[in-house]
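Single-structure report; data block below.
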Amino acid sequence: MLKPSWLCEYGADEMKIVAVTNIKGGVGKTTTAVNLAYLAASAGQATLLWDLDPQGAATYTLRCDANEHASAKKLVAGKRELPELLVPSGYEHLDVLPSDFSYRNFDLHLSNRKHPTERLLRMSRSLRDVYATLFMDCPPGISLLSENVLRAADAVVVPLVPTPLSIRMLTQLQEFVVENQWTDLALLPFFSMVDRRKALHQDMIASTREQFPELLNTEVPYSSDIERMSLRRAPLPAYAPASAAGQIYLALWQEIQQRMAQRPRAEQALSPESAADESYSEQTPPEPRSLPKQESLDA
């Protein structure tokens, strides 16, 4: 039996939050989140992947089941703590916060709370002495939930298909970040599902790199091997680490880590009013419910 990753000890100020998001859907967002989380965990980092998309693609890919006690309403109200919902992924050092269909109403519940843009940041506090990296697989669109994600994240990884609409989305996201003055947030877009045989892709990549010099150098091609992840229901680097696609995701994660190291983000502080709100309580993370205590202590 694998040891739950949160038995590893990390300092409270070491956890980094990496959001994988895109206003558009169908751009390889979940594939990216699952593969990057696995790579972080395989390097020995205690890693957590939070599937915030009510469609639950990341949860499905990692063969996890939704927790029957999960509820967007209870999470936002502070009546349910994130550590109560953890499940092991089956891969060492990698745990999952599975998706729940109630997440489709996240915006509704957030809008009814005080300091609605800080709720996810508050929820993550109970994980900071447990995990080195928290990945968030986010639903598409710009919403109150995505604003919470951007408020909490240290870095935002943005998969882009090289098409005009996708580039327009990146412009909108960049403007949203600037408008909210998140100057220390690392915005890390990269090209996904690239087909260099297409003239449109070649032209869009060239022009976009001129407009957005912060684009990552690594490009993820359109690949049938990557598409098969949903059939294998496993991270690609877990079953084909030496494949071309597996090596590309490794290069992508290495480049993301380098960019984050070059631009460390100060720990996000809650507003004084929000910090004083007694309706939210932080607790020591309990044992994941899916793993009996005796087994979890085995080496």
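The values are calculated or read from the model by the stated rules, or taken from the named source; none is laboratory data. Note that this is a predicted model, so its numbers are computed, not measured. Backbone-built Cβ (ideal geometry, glycine too); neighbour counts: all protein chains shown.
Could you tell me whether any residue of the range 27-39 is in a strand (DSSP E or B), touching a Leu at 6+ places or on another chain (Cβ under 8 Å) and of a type in the set (F, W, Y)?
Going residue by residue through the range 27-39, those that are in a strand (DSSP E or B) are none.
Checked against the condition, which is being in a strand (DSSP E or B), touching a Leu at 6+ places or on another chain (Cβ under 8 Å) and of a type in the set (F, W, Y), the range 27-39 yields no hits at all.
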Practice prompt. Would you confirm whether any residue within the range 154-161 is more than 17 Å from the chain's Cα centre (by Cα) and either surrounded by fewer than 20 Cβ atoms within 10 Å (Cβ to Cβ) or not polar (S, T, N, Q) (or both)?
Written response: yes
Worksheet item: Quick check, is K73 assigned to a helix (DSSP H, G or I) and either over 17 Å from P139 (Cα atoms) or in contact with a helix residue (DSSP H, G or I) (Cβ under 6 Å, 6 or more places away or on another chain) (or both)?
Response: yes
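Can you confirm whether M123 is out of contact with any helix residue (DSSP H, G or I) (no Cβ under 6 Å at 6 or more places or on another chain), surrounded by 20 or more Cβ atoms within 10 Å (Cβ to Cβ) and either part of a helix (DSSP H, G or I) or at pLDDT below 90 (or both)? I'd like the intermediate steps shown before the answer.
Working: out of contact with any helix residue (DSSP H, G or I) (no Cβ under 6 Å at 6 or more places or on another chain): no; surrounded by 20 or more Cβ atoms within 10 Å (Cβ to Cβ): yes; either part of a helix (DSSP H, G or I) or at pLDDT below 90 (or both): yes.
Here the answer is no, as M123 does not meet what is asked.
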Worksheet item: Considering A72, A77, which residue is farther than 26 Å from R263 by Cβ, at pLDDT below 85 and crowded, with 20+ Cβ neighbours inside 10 Å?
Response: A72
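For A245, indicate whether it is within 18 Å of L39 (Cα to Cα) and touching a Ser or Thr at 6+ places or on another chain (Cβ under 6 Å). Steps first, answer last, please.
Details: within 18 Å of L39 (Cα to Cα): yes; touching a Ser or Thr at 6+ places or on another chain (Cβ under 6 Å): yes.
Against the criterion (within 18 Å of L39 (Cα to Cα) and touching a Ser or Thr at 6+ places or on another chain (Cβ under 6 Å)), A245 qualifies.
Pick out the one residue from L145, L108, L150, L200 that is without any contact (Cβ under 8 Å) to a residue 24 or more places away in the chain and assigned to a helix (DSSP H, G or I). So that I can check it myself, show each step before the final result.
Details: L145 fails: without any contact (Cβ under 8 Å) to a residue 24 or more places away in the chain; L150 fails: without any contact (Cβ under 8 Å) to a residue 24 or more places away in the chain; L200 fails: without any contact (Cβ under 8 Å) to a residue 24 or more places away in the chain.
Checking each option against the conditions leaves just L108.
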Worksheet entry | Among residues of the range 212-247, those that are without any contact (Cβ under 8 Å) to a residue 40 or more places away in the chain and assigned to a helix (DSSP H, G or I), counted | 10
